[in-house]
Ligand code: DC
């Protein structure tokens, strides 16, 4: 049954992928709460890599220097019900990962194959059941996941949601989102077996309900 997901000790993963501001982290958090499992935000590790590159003055698009930097630091993603935490050598840096500077650098960092390998290794170390959001969780990192969702929404709709989160100009944010879509396009594609959900015309509650029905249906079908 669905409630049993949280009791499984074998890895049990539900993936939620999609472009920037498609609502995936909010939906992933809501699903995780209903399933009583942790929510893991894979983007935080890319953000941590971008943050470390910026803090060190390293070139965010330089593969080797960046990976060397990451391997010298102890970066931990700690799933938490009130929001994941990221620590670097024991120091909490979570609050520093959602700035405009990190936003601007993170796509270049995330495009580096060795950085992706470093992030994926950290993610595959996580045991047990969890809901995870990202770009390529269903396709690349957890192809064996039982349930995969891919959320989309029109760029203007996503920009309007972002403007609601941060004090910013709608046109500038729409442009920034289109640029990030283009930069993330290679790694942001749905898995063949993902269920796609367009949230453009849905509010948050409706989106969560639709996503929940998909997940609950899949888990119940698998268990029957
Ligand atoms: O989901 P987010 O906005 O926190 O992601 C930050 C950046 O990391 C974004 O530019 C895309 C990238 N990313 C990625 O390439 N692959 C993932 N699995 C998660 C995020």
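The values are calculated or read from the model by the stated rules, or taken from the named source; none is laboratory data. No experiment lies behind these values; they were computed from the predicted model shown. Cβ placement follows ideal geometry from the backbone for every residue including glycine, while neighbour counts extend to all protein chains displayed.
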TODO: Scan region 106-122 for residues that are surrounded by fewer than 20 Cβ atoms within 10 Å (Cβ to Cβ) and more than 8 Å from the ligand (Cβ to nearest atom) and jot them down.
DONE: 108, 113, 114, 117, 118, 120, 121, 122
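Just to be sure before I move on: is residue 49 closer than 20 Å to residue 123 by Cβ, part of a helix (DSSP H, G or I) and in contact (Cβ under 8 Å) with a residue 60 or more places away in the chain in the structure I sent? Write out each step before concluding.
Values: closer than 20 Å to residue 123 by Cβ: yes; part of a helix (DSSP H, G or I): yes; in contact (Cβ under 8 Å) with a residue 60 or more places away in the chain: yes.
Spelling it out, residue 49 is indeed closer than 20 Å to residue 123 by Cβ, part of a helix (DSSP H, G or I) and in contact (Cβ under 8 Å) with a residue 60 or more places away in the chain.
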Open item on the list: Being away from the ligand (no atom under 13 Å from the Cβ) and within 28 Å of residue 163 (Cβ to Cβ): is that true of residue 103 here?
Closed with: no
- [ ] Filter region 30-46 down to residues that are touching a helix residue (DSSP H, G or I) at 6+ places or on another chain (Cβ under 7 Å) and assigned to a helix (DSSP H, G or I) and give me whichever is surrounded by the fewest Cβ atoms within 10 Å (Cβ to Cβ).
- [x] 34
TODO: Give the residues of region 75-97 that are out of contact with any strand residue (DSSP E or B) (no Cβ under 7 Å at 6 or more places or on another chain) and exposed (fewer than 14 other Cβ atoms within 10 Å of the Cβ), sorted by residue number.
DONE: 80, 81, 82, 83, 89, 90, 91, 95
Task: Criterion: assigned to a helix (DSSP H, G or I) and touching a strand residue (DSSP E or B) at 6+ places or on another chain (Cβ under 8 Å) - qualifying residue of 180, 210 - done: 210
Task: Failed condition for residue 159, given (1) under 15 Å from the mean Cα position of the chain (by Cα); (2) surrounded by 20 or more Cβ atoms within 10 Å (Cβ to Cβ) - done: (1)
Open item on the list: I'd like the full set of residues that are at negative phi and either in contact with a strand residue (DSSP E or B) (Cβ under 6 Å, 6 or more places away or on another chain) or away from the ligand (no atom under 16 Å from the Cβ) (or both), limited to region 44-62.
Closed with: 44, 45, 48, 55, 56, 58, 59, 62
- [ ] Evaluate region 179-186: report whether one residue or more is within 13 Å of the chain's Cα centre (by Cα) and either modelled with pLDDT under 90 or farther than 25 Å from residue 33 by Cα (or both).
- [x] yes
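Is region 139-148 home to any residue that is at pLDDT 90 or above, more than 16 Å from the ligand (Cβ to nearest atom) and out of contact with any strand residue (DSSP E or B) (no Cβ under 6 Å at 6 or more places or on another chain)? So that I can check it myself, show each step before the final result.
Within region 139-148, the subset at pLDDT 90 or above is 139-145, 147-148.
Filter again for more than 16 Å from the ligand (Cβ to nearest atom), leaving 144, 147.
Right, trim to out of contact with any strand residue (DSSP E or B) (no Cβ under 6 Å at 6 or more places or on another chain) and you get 144.
For region 139-148, residues at pLDDT 90 or above, more than 16 Å from the ligand (Cβ to nearest atom) and out of contact with any strand residue (DSSP E or B) (no Cβ under 6 Å at 6 or more places or on another chain): present.
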Open item on the list: Condition check: surrounded by fewer than 15 Cβ atoms within 10 Å (Cβ to Cβ) and over 21 Å from residue 183 (Cβ atoms). Does residue 128 satisfy that?
Closed with: no
